[in-house]
Amino acid sequence: MATEETLVLIKPDGVARGLTGAILARIEAKGYSLVDIRLVEPDRDVLERHYAEHEGKPFYEPLLDFMMSGPSVAIRVAGNRVIEGFRSLAGITDPTTAAPGTIRGDLGRDWGLRVQQNLVHGSDSVESAARELDIWF
Ligand code: RTP
Ligand code: MG
């Protein structure tokens, strides 16, 4: 089976809080490979494509505003079963209840804002990964 790739984003809250190195260290310590990496300030068009599945949901506009509030780090990460592996490292969406030991569980919290700021994004399927890597790289 060919080695899988996923898109990881360190979102603006992670970059602003100086957690880029800590998050990259967890990905590397797990044994995944960093294939490509860039600092990006996405425009609205990129985010509309990336978050197309969420259009119309109550958190959609706050999410786009949050994602345009500062730079993100986009990373192409490779490894066997890396898509599910990174989502396991990240923890569930809500950082308050994400399990300790995960990125969101250890490093995130609820800041009382209109959208969950949860530090990272990881593609959720082979199809999403291909689509999202094409958007960000
Ligand atoms: P991601 O796509 O970023 O890896 O996260 P996810 O699958 O765990 O979450 P998803 O349901 O795809 O939602 C995308 C992002 O939208 C924000 N969100 N906020 N109710 C809320 O305030 C809310 N729900 C979702 C989060 O930033 C989430 O990661
Ligand atoms: Mg998602």
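The values are calculated or read from the model by the stated rules, or taken from the named source; none is laboratory data. Remember, it's a predicted structure, so these values are computed and weren't measured experimentally. We place every Cβ from the backbone using ideal geometry, glycine too, and count neighbours over all the protein chains shown.
Within segment 85-95, the set of residues being farther than 24 Å from V40 by Cβ and either crowded, with 18+ Cβ neighbours inside 10 Å or away from ligand 1 (no atom under 11 Å from the Cβ) (or both) comprises just one member, S88.
Just to be sure, is V77 under 16 Å from G122 (Cβ atoms) and in contact with a helix residue (DSSP H, G or I) (Cβ under 8 Å, 6 or more places away or on another chain)? Explain how you work it out, then say what you get.
Values: under 16 Å from G122 (Cβ atoms): yes; in contact with a helix residue (DSSP H, G or I) (Cβ under 8 Å, 6 or more places away or on another chain): yes.
So V77 passes the test.
Screening segment 113-137 for residues that are away from ligand 2 (no atom under 15 Å from the Cβ) and at pLDDT below 95 and picking the one that is surrounded by the most Cβ atoms within 10 Å (Cβ to Cβ) gives R114. With respect to the conditions (1) within 13 Å of ligand 1 (Cβ to nearest atom); (2) free of Cβ contacts under 8 Å to residues at least 24 places away in the same chain; (3) assigned to a loop (DSSP other than H, G, I, E, B); (4) of a type outside the set (V, I, T), R109 falls short on a single one, namely (1). Pairs meeting the criteria (first residue in segment 85-96 and touching a residue at least 12 places away in the same chain (Cβ under 8 Å) and at positive phi, second residue hydroxyl-bearing (S, T, Y) and more than 9 Å from ligand 1 (Cβ to nearest atom), beta carbons under 6 Å, at least 6 apart or on different chains) are G91/T102.
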